[in-house]
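Enquirer: What follows is a structure written as structure tokens; I'll ask about it next.
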Amino acid sequence: MNKVSLGGKIETAQIGLGCMRITGLNKKDMENLFKTSMELGIDFFDHADIYGGGECHVHFADSIGMNPTLREKIILQSKCGIRNGYYDFSKEHIIASTDKILKDLKTDYLDILLLHRPDALCEPEEVAETFDTLAKSGKVKYFGVSNHNPHQIALLSNYLGENTILANQMQMSITTCPMIDLGLNVNTGNAEAVDRDGGTLDYCRLHNITIQAWSPFQYGFFEGVFIGSKKFPKLNKKLDEIAARYGVTPTTIAVAWLNRHPAKIQTIIGTTNAKRVKEIAKSCEFTLTREEWYELYLAEGKPLP
Ligand SMILES: NC(=O)c1ccc[n+]([C@@H]2O[C@H](COP(=O)([O-])OP(=O)(O)OC[C@H]3O[C@@H](n4cnc5c(N)ncnc54)[C@H](OP(=O)(O)O)[C@@H]3O)[C@@H](O)[C@H]2O)c1
């Protein structure tokens, strides 16, 4: 398993297991998913207070039999800030949500807490005070954001002091990668030149903030999985061709494509299938060539100027 250094602060697996969909598993299958991941070197688990209607933390902790020894072997990340119908970065909400996350996960601390989606009413001074309180109490070691643009990160960072932003979790797959499209289409009239994220990929690299890629197999906003989809015939042909070359599956290649990017992106996979986790882990056993990386990108139908 490849390693990444999140924000230069936490050494962990380049592939993390996202736990958004785990409530569909029974305890035995969840335990198997966890054990398989750990055996493959995947020690990073991504949660959020809203996943599974708020049930994912409890299901995870119960299924794996959370205990202090096990806790020390894993990196736990969770998120807060999305509420029913609005976003909330108030101190009161972040602290209350963190306390519930810790209780549900049966742990005393989170390795990382992310702010899930930008809150228009965010008061950065208040967030800074909140992070400080959580860090000093030992409840959260490190902090990050998700779906944030550079100015939002810079605004927060202006007040954060020692509790710097270590990761920005963004949607990214071969088919849905506006962060890549933007950089490749500068100064063109192509639709891909439209700036959808403020250049967050380069900003994060400049500031040693790790990009975590969510939904690595989905196209659009949860429209479906592109692997095997009739909507992407050229891409699937290319995925099959390259997969055959390396003796792996197209699923492996989709993550190898993310691994190949020099930003050392950490991919957060959402499969609930232990067999697929094994396929995905194989993406760390080889490196796509530059030509293969571009061939996959272009096979989706995107232009190069
Ligand atoms: N920060 C955010 O705003 C945000 C938003 C969404 C998600 N996330 C995080 O990102 C994680 C991953 O998101 P995701 O679940 O949407 O990502 P994903 O890994 O792209 O999708 C996983 C889903 O695709 C299915 N699938 C079908 N064919 C597949 C194949 N060949 N390879 C892999 N999966 C295949 C999986 O089914 P099986 O289970 O049957 O394999 C599963 O339902 C989440 O768990 C969560 O932690 C964050």
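Just so you know, all these numbers are worked out from the coordinates, no wet-lab data involved. The model shown is predicted, which means the values in this text are computed figures rather than measured ones. Don't worry about glycine lacking a Cβ; one is built from the backbone with ideal geometry, like all the others, and counts go over all protein chains shown.
Enquirer: What are the residues in the stretch 7-31 that are loosely packed, with under 15 Cβ neighbours inside 10 Å and either away from the ligand (no atom under 12 Å from the Cβ) or within 17 Å of Ile268 (Cα to Cα) (or both), if any?
Expert: Within the stretch 7-31, Gly8, Glu11, Arg21, Asn26, Lys27, Lys28 meet the criteria.
Enquirer: Which pairs have Cβ atoms under 9 Å, sit 6 or more apart or on different chains, and link a residue in the stretch 260-273 that is closer than 21 Å to Leu166 by Cβ and among the hydrophobic types (A, V, I, L, M, F, W, C) to one that is away from the ligand (no atom under 13 Å from the Cβ) and in a strand (DSSP E or B)?
Expert: Listed by first residue and then by second, the contacts come to Ala263/Thr210; Ile265/Val4; Ile265/Thr210.
Enquirer: May I ask you to verify whether Leu296 is touching a Lys or Arg at 6+ places or on another chain (Cβ under 9 Å) and within 22 Å of Arg205 (Cβ to Cβ)?
Expert: Answer is yes for this residue.
Enquirer: Of all residues in the stretch 134-154, which are buried (at least 16 other Cβ atoms within 10 Å of the Cβ) and in a helix (DSSP H, G or I)?
Expert: Matches in the stretch 134-154: Leu134, Ala135, Pro150, Gln152, Ile153.
Enquirer: Whether any residue in the stretch 200-220 is loosely packed, with under 14 Cβ neighbours inside 10 Å and farther than 30 Å from Thr133 by Cβ is what I want to check.
Expert: Checked the stretch 200-220: at least one residue is loosely packed, with under 14 Cβ neighbours inside 10 Å and farther than 30 Å from Thr133 by Cβ.
Enquirer: If the Cβ limit is 6 Å and pairs must be 6+ apart or interchain, which residue in the stretch 17-28 that is in contact (Cβ under 8 Å) with a residue 24 or more places away in the chain pairs with which residue that is more than 8 Å from the ligand (Cβ to nearest atom) and β-branched (Val, Ile, Thr)?
Expert: Leu17/Ile42
Enquirer: If you don't mind, there's one more thing I want to ask. Tally the residues that are touching a residue at least 60 places away in the same chain (Cβ under 8 Å) and either of a type outside the set (Gly, Ala, Ser) or assigned to a helix (DSSP H, G or I) (or both), restricting the search to the stretch 158-176.
Expert: The number of residues fulfilling the criteria is 7.
Enquirer: Tell me which helices (runs of 4 or more DSSP H) are completely within the stretch 3-73 and hold 2 or more residues being more than 16 Å from Thr272 (Cα to Cα), or say none if there are none.
Expert: It comes to 56-64, 68-73.
Enquirer: Is it true that Val277 is in contact with a Cys (Cβ under 9 Å, 6 or more places away or on another chain), assigned to a helix (DSSP H, G or I) and within 11 Å of the ligand (Cβ to nearest atom)? Spell out the reasoning first.
Expert: Numbers: in contact with a Cys (Cβ under 9 Å, 6 or more places away or on another chain): no; assigned to a helix (DSSP H, G or I): yes; within 11 Å of the ligand (Cβ to nearest atom): yes.
So Val277 fails the test.
Enquirer: For Thr98, indicate whether it is outside any helix (DSSP H, G or I), more than 16 Å from the ligand (Cβ to nearest atom) and buried (at least 17 other Cβ atoms within 10 Å of the Cβ).
Expert: no
Enquirer: OK, next. Check off (1) farther than 23 Å from Cys284 by Cα; (2) within 11 Å of the ligand (Cβ to nearest atom); (3) among the acidic types (Asp, Glu) for Asp46 and give me the number that stays unchecked.
Expert: (1)
Enquirer: Would you check which residues across the stretch 161-199 are buried (at least 16 other Cβ atoms within 10 Å of the Cβ), closer than 17 Å to Gly301 by Cα and of a type in the set (S, T, N, Q) and list them?
Expert: If the condition is that a residue be buried (at least 16 other Cβ atoms within 10 Å of the Cβ), closer than 17 Å to Gly301 by Cα and of a type in the set (S, T, N, Q), then Ser173, Thr175, Thr176, Asn185 are the ones that fit.
Enquirer: Could you list, ordered by first residue, the pairs with Cβ atoms under 6 Å in which the first is in the stretch 113-142 and touching a residue at least 24 places away in the same chain (Cβ under 8 Å) and of a type in the set (Asp, Glu) and the second is in a strand (DSSP E or B) and within 16 Å of the ligand (Cβ to nearest atom), at least 6 apart or interchain?
Expert: Cβ pairs passing all conditions: Asp119/Tyr87.
Enquirer: When both residues are 6+ apart or on different chains and their Cβ atoms are under 6 Å apart, which pairs have a first residue that lies in the stretch 232-251 and is farther than 15 Å from Tyr219 by Cβ, and a second that is polar (S, T, N, Q)?
Expert: Ala243/Thr249
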